[in-house]
1. For the stretch 54-69, just list the computed ³J(HN,Hα) in residue order, Karplus coefficients 6.51, -1.76 and 1.60, θ = phi - 60°, integers in Hz, with x standing in for Gly and Pro.
2. Rank these by accessible area, largest first, 1.4 Å probe: Arg4, Arg83.
3. Relative to the compact-globule scaling 2.2 N^0.38 Å, provide the ratio for the alpha-carbon radius of gyration of the stretch 84-156.
4. Rolling a 1.4 angstrom probe over the protein heavy atoms, how many square angstrom per residue are accessible across the stretch 1-147?
5. For an R0 of 41 angstrom, estimate the FRET efficiency from the Cβ-Cβ distance between Asp54 and Asp130 and round to the nearest 0.05.
6. Give me the percent relative contact order of the chain, please, defined on Cα pairs under 8 angstrom at least 6 residues apart.
7. Tell me, Kirkwood radius of the stretch 43-129 from alpha-carbon pair distances, in Å?
8. Which percent of the accessible heavy-atom area of the chain goes to carbon and sulfur, probe 1.4 angstrom?
Amino acid sequence: MSDRSKRYDAAFRRISQLLDGEDDWIAAMATVACELHGTFEYYHWTGFYRAVSDDLLVVGPYQGTHGCLRIPIGRGICGKAARTKTTQLVNDVSSASDHIACSSTTQSEIVVPIVTPDGRLLAVLDVDSDYPAAFHETDRRYLEELCARLGGSFAP
């Protein structure tokens, strides 16, 4: 097992303990963002964009510098993840023609949708890194698992 996998396993144990019995969606997002951001040194912006309508994401709890406040669904990497309900892993954001530069230092990004069991989009988890190609398939696998759990547990 890689060091990255071990760190995810430990973070997930802590998240599970912290969220045990929690039923507030905002508190859950804040806790997850804080735990992930503090665990991984290559996570430079870690947070959520909430789906507030069929065509708009609004920033939710996050860690890091200021993020974009609103992102139209379908625009940028977050908007594409929301529209397609699929993970977007971008090794070089400068190569993504639709990247929205909320921070000029971001070089790579992973965005994972959070969907309820009945297919309703709740939010996207967005993680930006100031390092190129910071995210790997291990990140994708673990973050998709986490977001699937959140979508099943927190359907406001």
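1. With the stated coefficients, the stretch 54-69 comes to 6, 10, 8, 10, 10, 4, x, x, 7, 10, x, 6, 4, x, 5, 7 Hz.
2. On the way: Arg4 55, Arg83 140 Å².
The most accessible residue leads, giving Arg83, Arg4.
3. Working: Rg = 13.0 Å, N = 73, 2.2 N^0.38 = 11.2 Å.
Relative to the rule-of-thumb radius for its length, the stretch 84-156 sits at 1.15.
4. Values: 7040 Å² over 147 residues.
Heavy-atom SASA per residue in the stretch 1-147 reads 48 Å².
5. Details: r = 33 Å, r/R0 = 0.79.
Plugging the Cβ-Cβ distance into 1/(1 + (r/R0)^6) gives 0.80.
6. On the way: 293 pairs, mean separation 32.1, N = 156.
This gives 21 percent for the chain.
7. Numbers: mean 1/r = 0.0799 Å⁻¹.
Kirkwood hydrodynamic radius for the stretch 43-129: 12.5 Å.
8. Answer for the chain: carbon and sulfur cover 49 percent of the accessible area.
The values are calculated or read from the model by the stated rules, or taken from the named source; none is laboratory data. These numbers were taken from a predicted model, which means no experiment stands behind them. In this analysis, Cβ positions are derived from the backbone assuming ideal geometry, glycine residues included, and neighbour counts consider all displayed protein chains. Heads up: the accessible areas ignore ligands, DNA and RNA and are worked out on the full protein's heavy atoms, side chains in. Shrake-Rupley method; radii C 1.70, N 1.55, O 1.52, S 1.80 Å.
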